[in-house]
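This report concerns only the one structure given below.
The values are calculated or read from the model by the stated rules, or taken from the named source; none is laboratory data. Small disclaimer: the values here were computed from a predicted structure and weren't measured. Glycine gets a Cβ as well: all are built from the backbone with ideal geometry, and neighbour counts include every protein chain shown. Note: areas computed on protein heavy atoms with side chains; ligands, DNA, RNA excluded. Shrake-Rupley method; radii C 1.70, N 1.55, O 1.52, S 1.80 Å.
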Amino acid sequence: MGRIAVYSREGCHLCEVLIGELRPLVEGRLEIEIRDIDSRPEWHEKHWSDIPVVEYEGVVICKHFLDRDAITGILRG
């Protein structure tokens, strides 16, 4: 099973919304790894103004809001 990363932070409403929309789309097909940008300086520096950020295989798929078409494309693979 592949993995998709979501850069987030505690208390981020947009992050909670995006993760809530992403879970049912990828359930059973991709694992979701939530990466708290406050846990690593390099994540914080890179993403502090853009969260949430969805990344797959090192490529940013979307920022701020879920791009359902991009996720569907990944799932079709």
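Within region 4-17, being in contact with a His (Cβ under 8 Å, 6 or more places away or on another chain) and closer than 20 Å to residue 72 by Cα holds for one residue alone: 7. Candidates in region 19-77 are the residues that are among the acidic types (Asp, Glu) and open to solvent by less than 70 Å² (accessible area, probe 1.4 Å); of these, the one that is farthest from residue 8 (Cα to Cα) is 67. Checking 21, 33 one by one, the residue that is out of contact with any strand residue (DSSP E or B) (no Cβ under 9 Å at 6 or more places or on another chain) and in contact (Cβ under 8 Å) with a residue 12 or more places away in the chain is 21 and no other.
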